[in-house]
Every structure is written in structure tokens, then in C-alpha cells.
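**Student:** If you scroll down you'll find the structure; I have some questions about it.
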Amino acid sequence: MTKKQKKVLIRIIIAAILVIVCYLIPINNPYLRLAVFMIPYLIIGYDILRKAVLGVVHGEVFDENFLMAAATVGAIILGEYVEGVAVMLFYQIGELFQSYAVGKSRRNISQLMDIRPDYANIEADGQIEQVDPDEVEIGTVILVQPGEKVPIDGVVTQGSASLNTSALTGESLPREVQEGDEVISGCVNMSGVLKIRTTREFGESTVSKILELVENSSMKKSRSENFITRFARYYTPAVCYGALALALLPPIVNLLLGQESHWSLWVTRALTTLVISCPCALVISIPLSFFGGIGGASAKGILVKGSNYLEALSQTRYVVCDKTGTLTKGVFEVTHQEAAEGFTKEELLEMAACAECYSNHPISKSLREAYGHEIDRSRVKDVEEISGHGVCAYVDGRMVAAGNRKLMKKLQITHIEPNKSGTEVHVAVDGKYAGHILIADVVKPGAKEAVTGLKNAGVREVVMLTGDSRPVAEAVAEELGVDVVRSELLPADKVTEVERLLAMKGRKEKLVFVGDGINDAPVLSRADLGIAMGALGSDAAIEAADIVLMDDDPAKIVLAMQISRKTLRIVHQNIVFALAVKFSCLFLGAVGAVGMWWAIFADVGVMILAVLNATRALTFRKK
């Protein structure tokens, strides 16, 4: 609890004690009774009265401070001292509770996003000096010790360590880094000492961009928030004029009809409606719900750039995914080996890896990684790379050819066509066919479950777009259970395909495009919502997308939709509950069925319940 909140709590306790004492002690003199009750009233309500007066002076008349001031002052004028003080007292209790709830939400989010480093270590003359990260220039070597945050993006020049990326990705699995690996700011060094050469200034680093994104998310309001803002703009003046009419018209009509006017009765009813009408529950709980939803999502490694995007996500009916880097790992791996008679799979892979050992092509790298042993290059001689075909070389004195089917035809070697999809590497040794190896972009773990989860969440079509060949694309689509696949597309073709789907969907249905945020920026911008996958450290993803997933887990798309829908349920619950209670009590107050105490419940009670409900958005248990 802050100092300001503690002061308000002390005022509430003092005022409550004084009200009870004043109520229990009989005071017959009306002026003395007024003076006695004004003490707790001013103790608890002086700041509300001050804000109400300043609002009138600045032309901002119709707000909750004005409503509370008008209602309580009117009650005191009518001699209802206990009710007048009690309304102000309970209003301040509600305000204190709301302030505490909002503060707790902000602290929770601050803790979740506590990734801003306080300092950077620079080694000078054998001594470690701590400096502000803003002062570190590009190319500076910084030292990160165990337990410290990586302050700035860079490349490891010395050392190895495990990095905790949970503040960025929401996942507890550590990331192992060593010399030559890129690291991003915000990660926590769990073991080992790292020397890192910075590649960016702190203001351009990942941690700065993420913090800026979260801080600015409240600027982009949802339709629900905009509705409440517009609603309060017209609702409060309407209620004030309505209360004034309720206080004046019935007594005047009674006078014209020659009946008793009952001014105090109708004024009391008007004051009761003023207290009931305060829209605090809506004005406070709706933004708090979205704020909690965004904070809860950030805890799971999902950064939402605004509550408008969080709201729109709940209406997703079409999900369009890029293949490479989104549903697949985006790196080549050996997926299948078929050795011919007279050769083993191990020998097949060894011959291919050795023949390709001098090449930097991704296929060559994947062969060497699959082989998994250090290659003695002295075993390899007379390497000849044939463009568009493959490689020929002598390995241990044996002629090895490794390449595609065109290379086999060129060498007039009969080969076997594989019955599985992937990039083919055929191998021949001394003119004899040794077998083939298939290399493919491997499907990400959880991608199939993510597609199934999207369909279960109400998504009508999951579409995959890719520039890969048709057989490869269709094989991946069949494995994942994707509804529609479009292959051999250029970036402009992807935009055209998304525009076609946008023209087909309903007005209230949303189309989401999921990509890696680097090559897919035009499509990310064109879709209703753009989600960047695998965005850890990607500037393009953070800039282009509306929602950024801080790891490359496709299941986070489903999780983001679930968080969005839970947040929207809470928002709608608060709107319906608050308005139902308000309008019911307004009617009952106008006809005299409920008094000032019910008015207090309708205002403060509804606000407390709505704020309590809104704080549920901060937590989410994965289904």
C-alpha cells in the first residue's frame, strides 16, 4: 500500500469513528449537530469537494466528484447528516479499493516485465565499472556475470552460459549460449561469465522496444473502452438533468393541482438517483479488465500492442500462416535415409557429408550436422562443385558424387526415386548407386496441436501460404491438418491471397496472418491482425505485427485467443452487471422504493464487485 493510500485509510478510520460517536451522542441543538457532523464529513470528503469545485471552474462539470458532492451536500442541507457523511465515506472506501486494485495490477505487470537492466559492466584496467546502459556505445565489450541481466543486444565473444528467457518468452526452459552466439537484452545469466560485444545502442535494443510496446499498449483503446467513454459523456449530464427534473417537476405539478408539494421528499429522491448514477464501475473496471488481459498475456510471452487488438483477436475466424519459420523450423534437417544394397545408412551419410564438407550451402550444413562427427578434410581431395547438380569429390580415394537426380543422369547412374517428399540428395560411390538422403524443413513441435486447437477454438479455415514447391507444401499441410494450402507464391502473391480471403469473410469476422515478421511485413500489415512468430530479437516483427509472440511456439496463437475471449467475457459481465444494477436502482430510487443506503450499495458495491471481477483477467490457466 502506498503512502497516499495509507493516508486515505487513516482518514476513513477517523471519519468512521467520528460518525459513530456523533450518531450515538444525542445532540438536540440543530446547529451544533450540523457542526459536529461536518467534522467527519470534511475529513473524509474535502478532496472530493475540491475536485468538484475545480471541475466546475474548468468547465468539466459532470463527473463522479460533482455527483458525490451534489448528493452529499444536498443530503446535509435536508438534515440527513448520517446519510450524507456515509455516502462520502463509502465512496472513499470504494476509491481506495479501486486504487489498490489498479496499483496491484500495474505492479504485477511491472514484475512480469521487469527486464530493464539497471547497469552494464565494462572492464577497464582490470577493474569492473558499472555504467548506465544508455551510455554504452556499439562495439563495446561488456561483462555479464551469473545472476545479472543482459543489458544490451550483442554477440558472445568469450564464455558460455545458460540464459533464463522467461521474462521475454514466458517459458522457463533456459537457452544455452556460447562464443559466437547472438544474445538479446532482458535475459538473465544463470551460469558462467559472458563477454558480449554490443551490436546496438540500448535505446534500440530488444528490451527497450518491448518495454515501449507494453507501455504504449494502453493508448490504443478497444471498442468497448471507446463505448464507455462516449456513454459516460452523455450519461452523466442526462442523469444530472433527470435528477434536477425529479426534484422540481413533481412538487411544481402538485402545487398547480393544489396539493401538498413535498419538496424534501422529491429532493431526497433526486439526490438518491445522483448517488446511484455514478458510472465509476464502468469507467474503472473496463480499462482495468483490458489492462489485466494485456498483462496476463505478457506473462505468457505474448505482447499485445493495444486493447483494440486484444478485443479483435476474440473474433478470429480465419488464420493464415506462413510455412517457413511459423509452422516449420525454417532449417533443413535430414529426415530420411535409404541405402542401396552393399551400403549402410551410416556409410551413406558419411560419404555425403565428407563430399559436401567444403560447401556452405544449407543442404551441405544439414548433412554435416546429421553426420555429427568432426570431418578430417585431408581425406577429401579434388572437390568439383557442379552448379545446379551437386558435388563430386574423392573421399579416402573413392569417387563420391552427391547431388540431385540431374547429377545422377549426368553421370549415367541409375537411381531410385524416393516415395517421400523433401529435397533429394542422391549418392554414388565409384560409379555405383549408394542410396539417397531426404532433407526437409521440419515441422515444429506442437504445430499440429496448434492447428487442431485453432479449429476447436472456432476458426473456420486454417490456410498455409508458402513459396515452396507444391509437393513439399502439400506434405506439410497433410501432416498438420491444414484446410487450405497455397504453394509457389511470391510475397506479392501472398498479399493477393489474403485480400481474396478478406473479401470472402463476414463483416464482424477477423482474419489473422501469422508470419516471421521479416519477409512477411506486407501481409502482416494487410490482414485484420498480424501476429509475429519466432520474434525473439526481431525488429521487423515487433514493428510490423499487432501481436508479438516472444518465442516460436505456434500453440501461443490459441493461447492468445483464449486470453482475449476470457478478457472480453469479463468486460461484458461488468457492463451488463453494472448497467442492470444501476438502471434498476435508478428506477426504484425515483419512485421512492429504495433510499440513500441502497444508493451507496449501487455505487460503491457495484464498483468493488466489478473491479474484483476485472482483476481476474491478470491470471490465466492454460486449458
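**Student:** Explain nothing, just the number: relative contact order of the range 326-435, from Cα pairs under 8 Å at least 6 residues apart, as a whole percent.
**Tutor:** In percent, rounded to a whole number, it is 24.
**Student:** Okay, helix-only estimate at 222 nm for the chain: each DSSP H run of n ≥ 4 adds -39500 (n - 2.57), divide by all residues, round to 500 deg cm²/dmol; what do you get?
**Tutor:** Computed ellipticity for the chain at 222 nm equals -16500 deg cm²/dmol.
**Student:** May I pose another question? Quick check: convex hull of the Cα atoms in the range 435-506, volume per residue, rounded to a whole Å³?
**Tutor:** 97 Å³
**Student:** Express as a percent, rounded to the nearest 5, the fraction of DSSP beta bridges in the chain (both residues included) that run antiparallel.
**Tutor:** Antiparallel: roughly 75 percent of the beta bridges in the chain.
**Student:** Also, quick follow-up: Enter the accessible area per residue of the chain (Å², integer; probe 1.4 Å; all protein chains in place).
**Tutor:** 48 Å²
**Student:** Which of the trypsin sites (Lys or Arg not before Pro) across the range 379-436 are loop residues per DSSP, with 14 or fewer other Cβ within 10 Å?
**Tutor:** Filter output for the range 379-436: LYS420.
**Student:** If contacts are Cα pairs under 8 angstrom and at least 6 residues apart, what is the relative contact order of the chain in percent? Display every interim value, and only then the final one.
**Tutor:** On the way: 1189 pairs, mean separation 93.0, N = 623.
Dividing the mean separation by the residue count of the chain yields 15 percent.
**Student:** Let me ask another. Please give, to one decimal in nm, the separation of the simple spin-label points placed at SER191 and HIS572, each 7 Å out from Cα toward the Cβ.
**Tutor:** Distance between the two pseudo-spin positions: 4.9 nm.
**Student:** Can you give the extra length, in nm with one decimal, that the chain gains between LYS6 and SER525 once fully stretched, where that is 0.36 nm per residue apart less the Cα-Cα distance?
**Tutor:** 182.1 nm
**Student:** Another question, if that's okay. What's the lysine pair count for the range 303-445 at a Cα cut-off below 16 Å, pairs eight or more apart or interchain?
**Tutor:** 7
**Student:** May I pose another question? Using θ = phi - 60° and the Karplus form 6.51 cos²θ - 1.76 cosθ + 1.60, what ³J(HN,Hα) does each residue of the range 237-251 get, whole Hz, x for Gly and Pro?
**Tutor:** Listing the rounded values in order: x, 4, 5, 4, 5, x, 5, 5, 5, 5, 6, 9, 5, x, x Hz.
**Student:** Related question: I'd like the GluC sites (Glu not before Pro) in the range 306-360 restricted to DSSP loop residues with at most 13 other Cβ atoms within 10 Å, sorted by number.
**Tutor:** Hits after loop and neighbour filter: GLU341.
**Student:** Sticking with this structure for a sec: Would you calculate the separation in nanometres between label points at HIS373 and LEU265, each defined as 7 Å from the Cα along the Cα-to-beta-carbon direction?
**Tutor:** Roughly 10.4 nm, to one decimal.
**Student:** Could I ask something else about it? Counting only protein heavy atoms and using a 1.4 Å probe, what share of the accessible area of the chain belongs to carbon plus sulfur, as a whole percent?
**Tutor:** Carbon plus sulfur share of accessible area: 55 percent.
**Student:** Relative contact order for the range 231-305: what percent, with Cα pairs under 8 Å and sequence separation of 6 or more?
**Tutor:** In percent, rounded to a whole number, it is 28.
**Student:** Which residues' amide hydrogens lie under 5 Å from the amide hydrogen of VAL320, considering only partners 5 or more residues apart or on another chain, with H built in the peptide plane?
**Tutor:** Placed amide hydrogens put VAL463, VAL512, PHE513, VAL514 under 5 Å from VAL320.
**Student:** Based on the Cβ-Cβ distance of TYR100 and GLU543, what FRET efficiency does E = 1/(1 + (r/R0)^6) give at R0 = 41 Å, to the nearest 0.05? Intermediate values should be presented prior to the final figure.
**Tutor:** Working: r = 36 Å, r/R0 = 0.89.
Working from the Cβ atoms, E equals 0.65.
**Student:** Sticking with this one: Enter the mean projected area of the convex hull around the alpha-carbon atoms of the chain, in nm², rounded to one decimal. Could the numbers behind the result be given before it?
**Tutor:** On the way: hull surface 156.8 nm².
Answer in nm², one decimal: 39.2.
The values are calculated or read from the model by the stated rules, or taken from the named source; none is laboratory data. It should be emphasised that the depicted structure is a prediction, and the values quoted were computed from it without experimental measurement. When we count neighbours, we look across all protein chains shown, and the Cβ atoms used for this are built from the backbone with ideal geometry, even at glycine. For the accessible areas, the whole protein counts, side chains as well, though only heavy atoms, and no ligand, DNA or RNA atoms are used. Shrake-Rupley method; radii C 1.70, N 1.55, O 1.52, S 1.80 Å.
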